[in-house]
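The values are calculated or read from the model by the stated rules, or taken from the named source; none is laboratory data. All values reported here derive from a predicted model rather than from experimental measurement. A quick note on method: Cβ atoms are made from the backbone with ideal geometry, for glycine too, and the neighbour counts reach across all protein chains shown. Protein only, heavy atoms only, side chains kept; ligands, DNA and RNA dropped before computing areas. Shrake-Rupley method; radii C 1.70, N 1.55, O 1.52, S 1.80 Å.
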Amino acid sequence: MNTAANILENTMRKGDGQASITTDVANPASNPEKYADPSMTKMKALAWQGANDVQMVESLKPKIIDDKDVIVRVTGTTICGSDLHLYHGAVMQMKKDDILGHEFCGKVESVGPGITQIRPGDRVVASFQIA
């Protein structure tokens, strides 16, 4: 389903200036050279281990991939109903060690070159409507 949505989005974009967005990056450790911070710094993350099994793990910190990426150190988070679909294994694309979390607040650590209104040190919130 995600693949179909991505194809549709790319087809409908028609040069409207939207940035391309790298998808399917649920864990920087899946391809450290491509997705992890070169320092190989570790962070704590909630990772899916299988249906009905999530654990706090040590994972590699992500790096800026796309021009409009922002890396946020999470200071508070919560879950919502959509997380239950992931937790119960209803989303077929989930892989062991995928990092969960799309509702959070925190402090900006780094920004891509296409970001002009947010700076490292800013406090931010990501709501389910935009995450």
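Take VAL70 and tell me if it is of a type in the set (A, V, I, L, M) and under 20 Å from PRO28 (Cα atoms). Spelling it out, VAL70 is indeed of a type in the set (A, V, I, L, M) and under 20 Å from PRO28 (Cα atoms). The residue of the stretch 98-122 that is surrounded by the most Cβ atoms within 10 Å (Cβ to Cβ), among those that are touching a residue at least 24 places away in the same chain (Cβ under 8 Å), charged (D, E, K, R) and more than 18 Å from SER82 (Cα to Cα), is GLU109.
Remark: pairs (first residue in the stretch 24-41, at positive phi; second residue outside any loop (DSSP other than H, G, I, E, B); Cβ separation under 8 Å; 6+ apart in sequence or on different chains) = ASP24/ASN2; MET40/PRO32; MET40/LEU60. When the stretch 1-42 is examined, which residues are found to be part of a strand (DSSP E or B) and either open to solvent by less than 60 Å² (accessible area, probe 1.4 Å) or modelled with pLDDT under 75 (or both)? Answer for the stretch 1-42, where residues must be part of a strand (DSSP E or B) and either open to solvent by less than 60 Å² (accessible area, probe 1.4 Å) or modelled with pLDDT under 75 (or both): just ALA36.
Taken over the stretch 66-82, the criterion of being open to solvent by 60 Å² or more (accessible area, probe 1.4 Å) and of a type in the set (A, V, I, L, M) is satisfied by VAL74, ILE79.
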